[in-house]
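Below is one structure, written out as structure tokens; the observations come after it.
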Amino acid sequence: MLNISVNSVRDKIDRTKYSALNLVENKVSGRVFLRIISFTLIAVVIIMFFPWTQNINSGGNVTALRPDQRPQTIHSIIAGRIEKWYVQEGDFVAKGDTILFISEVKDNYFDPQLLSRTQEQLKAKEMAVKSYMEKVKALDNQIDALATTSDLKLEQAKNKLKQAHLKVQSDSIGYEAAITNYNIAKEQYGRQEQLYNDGLKSLTDLEKRKLTLQKAQADMISYENKLLSSKNDVINAKVELTSIRTKYRESIAKAESDKYSAMSNMYDAETTVSKLQNQYMNYSVRTGMYYITAPQNGYVTKAIQTGIGETIKEGASIVSIMPSDYTLAVEMYVRPIDLPLLEKGQPVRIQFDGWPAVVFSGWPNTSYGTYGGKVYAIDNFISPNGKYRVLVEPDPEDHEWPKAIRVGAGTRNMVLLKDVPIWYELWRQINGFPPDYYKANQSGAGTSDKSSKASDKSKK
């Protein structure tokens, strides 16, 4: 083994002549440096086990929580020509205050007496409807009168027919009696003639019997004539009965036809009345649209249409208004990969543009100048920018948001997730893994859904 002390020159050199050598040999910087490195490594290892709050960083802007509290644009429902402005930018307007007045530009509405003339037409048509209604009532009365008269006339004609039948029956009986008398007289005349030929009766008796025969024959012919006349009366009664039925049917049918015509005209007039009423209301509402009014309390932020005499189209934007009463909120956009990590009520830290802040991403409790919020709503469909919109409301348990914040201001947002060690967060970032999909149990034990599922599987 080599003895180093034998070859040492320590005792052979005069050290007083070489001060630099003494400085080098006596220097302790190497040991200090080693200690610093050691302490640094120990500190890094310790820091690696410090808790780190995972979060989702996203930009956003200030908005109003409710849709009716957000900035809105007032439109003109009708086309018109700007005649007068009543406000200017920055003015406060209450609900119903007049913003500007426009005049008509369509020739269909130029008549200044349009409403009164339309109302006169409406009244005239209403009178026409009333007249047709009265005509229908009169025709109903006429139809009732014709029906009553028809019943009476038919009853009268039936009585006449019955009388004619009875007269025929009576005349037929008289005719049969006349025939019997004629036959008897004829037989008596024959016997009388035989007796005259035998010389038993005189010529005077024979002539008397002949006279009786001729009288019986004349009575028979007379009764036959009466019977035929009675039969003709029956036929005439039947004809009259049919004529009465036909006449009154035609009269009633004509009256009903006039009634239905009047009803048709009445319905047409009622349709015209309804159209005129609709038209009158449209004209009345349109007249009220010449004055553009404020829909709610707010401030006029910008006049989109300017000048006097400028024409505007239907639905054209006129002015924009910011409501005076609103509840602030923040809308932020997150990537689809981060969407499963969000839920309603989740805490969010917000940094507003223009407010100084010192932000430590992993230690939100040590940050300064940020304000608290909670997730209020999450969109169920993706936005045109390829991200999902998340609406954040103020956290009532945190500091109140600054009063000077205005809608539209920019924000930087941090959605707070699970607390993990720093080494785990570095490992996740290096490997490009998303934040943990863990959520606290309802019991507050602090275990995750995945860990609970894993424990359930291990028990099985």
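How large is the accessible surface per residue of the range 253-347, computed with a 1.4 Å probe and reported in Å² as a whole number?
Using a 1.4 Å probe on heavy atoms only, each residue of the range 253-347 averages 54 Å².
At 7 Å along the Cα-to-beta-carbon direction for both F110 and D144, put a label point, then send me their distance in nm to one decimal.
It works out to 5.5 nm between the two label points.
If you count only protein heavy atoms with a 1.4 Å probe, what accessible area per residue comes out for the range 95-208, rounded to a whole Å²?
69 Å²
Please list the non-local residues whose amide H lies under 5 Å from the amide H of Q296, H modeled 1.01 Å from N, same-chain partners needing a gap of 5 or more.
Here G96 satisfy the definition.
Would you list V87, V239, V105, V334 from the most to the least accessible area, probe 1.4 Å?
Putting V87, V239, V105, V334 in descending order of accessible area: V239, V105, V87, V334.
Looking at the square roots a ≥ b ≥ c of the eigenvalues of the Cα gyration tensor of the range 261-406, which shape do they give, rounded for a/c under 1.5, prolate if a/b is larger than b/c, or oblate? Can you show the working numbers first?
Working: a/c = 3.58, a/b = 2.32, b/c = 1.54.
It is prolate, given that a/c is not under 1.5 and a/b is the larger ratio.
Roughly how many nanometres apart are two label points built 7 Å out from the Cα toward the Cβ at N297 and K231?
Placing both labels 7 Å beyond Cα along the Cβ direction yields 10.8 nm.
How many nm is it between the label spots at E176 and T204, if each spot is 7 Å from the Cα in line with the beta carbon?
Placing both labels 7 Å along Cα→Cβ, they lie 4.0 nm apart.
For the range 54-206, max minus min Cα coordinate along each principal axis, in Å, sorted largest first?
Here the Cα extents, ordered largest to smallest, are 164, 59, 24 Å.
The values are calculated or read from the model by the stated rules, or taken from the named source; none is laboratory data. Keep in mind that this is a model prediction, so the values were computed, not measured. Reconstructed Cβ throughout: ideal geometry from the backbone, glycine too, with neighbour counts over all protein chains shown. What goes into the accessible areas is simple: the full protein's heavy atoms, side chains included, and nothing from ligands, DNA or RNA. Shrake-Rupley method; radii C 1.70, N 1.55, O 1.52, S 1.80 Å.
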